[in-house]
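> Pasting a structure below so you can have a look.
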Amino acid sequence: MGSSSSSACARTLVAVLVFVVVAFGGAGRATAATGGSAPGAPGSQADWAPANKDGFGTATGTASKLWYTLENGELTELYYPDLGTPSVRDLQFVVSDGKTFSDRETDASTHRTKLAGGGQSLSYTQVNSAKSGAWRLTKTYVTDPARSSLLVRVHFQSLTGKPLKLYALYDPSLSNDGMDDSGSSSGSTLLASDAKSASALAAAPAFKRTSSGYLGTSDGWQDLKTDHRMDWTYDSAPDGNVVQTAQTRLSGLRHSQDLTLALGFGGSASAAQSAEQASLAAGFRKLSAAYARGWRSYLGSLRPEPASAKPFGPLYDVSVMTLAAHEDKTYRGGYIASPTMPWAWGQGLDNPSGAYHLVWSRDLYQIATALLAAGDRAGANRALSYLFDRQQKPDGSFPQNSTVDGAPHWTNTQMDEVSFPILLAWQLGRTDTSTYTDHIKKAADYIVANGPSTPQERWENQSGWSPATIAAEVAGLVAAGQIARQNGDTASAHRYDATADDWQKNVDAWTATTTGPFSSQPYYLRLTKDGKPDAGTTYSLGDGGPSAIDQREVVDPSYLELVRLGLKRPDDPTILNTMSVVDSQLGVSTPEGTFWHRYNYDGYGETADGSPWNVSDPDTFGTHGRAWPIFAGERGEYELAAGHSANPELAAIAGAANDGYMLPEQVWDQNPPSGQPGFERGQGTFSATPLAWSHAQFVRLAWSIQAGRPVEQPEIVACRYTGACGK
């Protein structure tokens, strides 16, 4: 008993000494520490990786409930067991000669991401080359189609002819929380777990040594950067922000350059270990081939790529696959907005993280109409079923957004999100009596009772009379009227039609000003707070913008919804005048083409020097919304409706894609951060990348160009109000 206590005290003393050396900058070689629990719990505060991803992938089937992302030359967030649950922060490598340097690959190398598998699979290769010229790492990623595990094929080269050491640094953040994980070693496998799930990291050939510590205090980087050797091999690190370290058996010399990593997940440590063991046993070559076959089969089930998209290489195929990959595998039809956490999201506003990996009716409509255009009718139908299954009772509205399991997350109402499911049902022919009675009628009745003003418009933060929202409401009611007639409900059909006609007739009176500062002729506003566009009503814009701005000074490209959804002719005088105003106020010319800001004084974006967006007080003007590729797509659809070419707009969107063909939410505008490289106008910012809406807009515009008209425009609406019938 006494001997055991003395041994425990000795181990504790060693651990404390190690912690002191690391935390307080002790010079010289780090104190060796073997076994026991790591010191420094719980470690530094957990965060998420930046949102501008270079790659995103998952297997096509539903057996593997795992998604991966890539950024800055490393593996970043993995999602398990659904697309609302990030469970890994990152995994990267450290290269050392054991004496003079330790290079963390995200800091010490240049990065290149490229598609593997000929561009017909969401499989990516990262090539990281040391800035010193000493080494090169090539990593290829796939998920096992049969189970929830990731395989990484690693090729490590020493370019100096001298043997080097390669270490893996793995930061689990299980169950959307990086502060409550526990890490341990089981032989040569690293295990991590929390109350809900677990991960297991192993390699072939097996790891040489392993350790579990806490971020910033006893993790492997703190160890290696001091004397360039792995001195710490802690057996465990309970309940904190765990970072796990493994020394591989590679030297980078010939015959010692290749290994396969397997990262498995499960509801328990044993289940996670079983997953990674089975994947390693199957081997990277076999599973990579199965993964690629799944994506080739999916692409083969769709319409052939339109000619309009062929000049842009694999971007079209990647976009369609990326949209499909945004669907959850447990809650089918639940397509999220983006597998990312931009800026402060997940670090204060939503913790655990949320926002972008929620399901939004509006984003889901954009995704579903793109899938429908591409030939994935089944995916579009699943999206509509997802929405109808989660329609709010008894009023018939839809959640502002929901977690992937359908639970409402934010609690406001956006009237366009109530309208879009009706339009999608019309486009899919889902007009049978039970669908009408149980879903479409309830949504249409809600619109009639609560429109045309909306508690929130498409940008989430303002109430009022929005031309874009009214366009969606009118289009939804016209479709609902026709569906009602098909089902013998003539009274409702008359009510829906009459309401739609009234709102279409009055949209200008509610939202187009004749007294604004930008033109003496009428132009549409972003919205009016009171339905009186000639009044100088003021409101607080949000995101650090003006606390009291005249509503007549805020315009938005979203007025084009009036044309796209069939309420207005493309040559309508107010449409044309607003186009001149919006182009002047919000248009951005870049080397890739023209993009547009959302609205005047938009503050939803980085600061002037590129630092992250965060919540800020009114009138501070510290953050700046940049330009959005989706507006190039919406402008392209307008140009087609007007009988013009939309090829420049499609090319602009394509030009915003990064090396992995991921399309961003925003691109750098006319005022990118100055004095620093890497902020080219027209290239993606640190915003959500990939954004499903951006990829959907590219796909849908490509098919619209092919058809010579906006393929998503509901003909029944355009025929009623503009005479564009039979197209």
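The values are calculated or read from the model by the stated rules, or taken from the named source; none is laboratory data. On a predicted model such as this, the values are computed, not experimentally measured, just so you know. We place every Cβ from the backbone using ideal geometry, glycine too, and count neighbours over all the protein chains shown. SASA here: full protein model, heavy atoms, side chains in, ligands and nucleic acids out. Shrake-Rupley method; radii C 1.70, N 1.55, O 1.52, S 1.80 Å.
> Those residues that are part of a strand (DSSP E or B) and open to solvent by 10 Å² or more (accessible area, probe 1.4 Å), I need them from the stretch 171-188; list them, please.
Scanning the stretch 171-188 gives ASP171, SER182, SER184, SER185, SER186.
> Then there is this: What number goes with the only condition from (1) under 30 Å from ALA46 (Cβ atoms); (2) without any contact (Cβ under 8 Å) to a residue 24 or more places away in the chain that GLY354 does not pass?
Here GLY354 clears every test but (2).
> Among the residues of the stretch 86-101, how many are over 23 Å from ARG153 (Cβ atoms) and surrounded by 22 or more Cβ atoms within 10 Å (Cβ to Cβ)?
Adding up the residues that qualify gives 1.
> Also: Answer yes or no as to whether ALA491 is touching a helix residue (DSSP H, G or I) at 6+ places or on another chain (Cβ under 8 Å), part of a helix (DSSP H, G or I) and closer than 30 Å to ASP432 by Cα.
no
> Let me ask something else about it. Identify, by number, the condition in (1) open to solvent by less than 50 Å² (accessible area, probe 1.4 Å); (2) in contact (Cβ under 8 Å) with a residue 40 or more places away in the chain that ALA407 doesn't meet.
Failing condition for ALA407: (2).
> Also: Could you list all residues from the stretch 33-65 that are hydrophobic (A, V, I, L, M, F, W, C), touching a helix residue (DSSP H, G or I) at 6+ places or on another chain (Cβ under 9 Å), more than 27 Å from ALA130 (Cα to Cα) and assigned to a loop (DSSP other than H, G, I, E, B)?
ALA38, ALA59
> Now for a different question. From the list ALA41, ALA59, which one is open to solvent by 60 Å² or more (accessible area, probe 1.4 Å) and at pLDDT 95 or above?
ALA41
> Consider the stretch 620-649. How many of its residues are of a type in the set (Gly, Ala, Ser), more than 24 Å from the chain's Cα centre (by Cα) and not in a loop (DSSP other than H, G, I, E, B)?
Adding up the residues that qualify gives 1.
> Consider the stretch 675-693. How many of its residues are touching a residue at least 40 places away in the same chain (Cβ under 8 Å) and either buried (at least 21 other Cβ atoms within 10 Å of the Cβ) or more than 20 Å from THR110 (Cβ to Cβ) (or both)?
Summing the residues that are touching a residue at least 40 places away in the same chain (Cβ under 8 Å) and either buried (at least 21 other Cβ atoms within 10 Å of the Cβ) or more than 20 Å from THR110 (Cβ to Cβ) (or both) in the stretch 675-693 gives 12.
> Any chance the stretch 150-164 includes a residue that's crowded, with 21+ Cβ neighbours inside 10 Å, part of a strand (DSSP E or B), small (Gly, Ala, Ser) and under 30 Å from the mean Cα position of the chain (by Cα)?
No: zero hits.
> So how many residues does the stretch 191-201 have that are open to solvent by less than 30 Å² (accessible area, probe 1.4 Å) and either basic (Lys, Arg) or assigned to a strand (DSSP E or B) (or both)?
The total comes to 6.
> Please go through the stretch 114-125 and give me each residue that is crowded, with 22+ Cβ neighbours inside 10 Å and in a strand (DSSP E or B), ordered by number.
Matches in the stretch 114-125: TYR124 only.
> Spot the failing condition for LEU567; the list is (1) surrounded by fewer than 19 Cβ atoms within 10 Å (Cβ to Cβ); (2) assigned to a loop (DSSP other than H, G, I, E, B); (3) modelled with pLDDT of 95 or more, and only one is missed.
Failing condition for LEU567: (1).
> May I pose another question? Assigned to a loop (DSSP other than H, G, I, E, B), under 27 Å from ALA475 (Cβ atoms) and open to solvent by 10 Å² or more (accessible area, probe 1.4 Å) - does that describe any residue in the stretch 573-593?
no
> For the stretch 694-727, give me each residue that is more than 33 Å from the chain's Cα centre (by Cα), part of a loop (DSSP other than H, G, I, E, B) and basic (Lys, Arg).
Selection gives LYS727 alone.
> Please work out if ASP669 is charged (D, E, K, R) and surrounded by fewer than 17 Cβ atoms within 10 Å (Cβ to Cβ).
Against the criterion (charged (D, E, K, R) and surrounded by fewer than 17 Cβ atoms within 10 Å (Cβ to Cβ)), ASP669 does not qualify.
> What's the number of the only condition in (1) at pLDDT below 95; (2) open to solvent by 30 Å² or more (accessible area, probe 1.4 Å); (3) of a type outside the set (D, E, K, R) that SER109 fails to meet?
That leaves (2) as the condition not met.
> Can you tell me which residue is surrounded by the most Cβ atoms within 10 Å (Cβ to Cβ) among those in the stretch 501-518 that are part of a helix (DSSP H, G or I) and in contact with a Phe, Trp or Tyr (Cβ under 9 Å, 6 or more places away or on another chain)?
THR511
> If you check ALA49 against the conditions, is it over 24 Å from GLY220 (Cβ atoms) and hydrophobic (A, V, I, L, M, F, W, C)?
It is false that ALA49 is over 24 Å from GLY220 (Cβ atoms) and hydrophobic (A, V, I, L, M, F, W, C).
> Of everything in the stretch 300-341, what is under 27 Å from ARG153 (Cβ atoms) and surrounded by fewer than 20 Cβ atoms within 10 Å (Cβ to Cβ)? Give them in sequence order.
GLY300, GLY313, PRO314 - these are the residues of the stretch 300-341 that are under 27 Å from ARG153 (Cβ atoms) and surrounded by fewer than 20 Cβ atoms within 10 Å (Cβ to Cβ).
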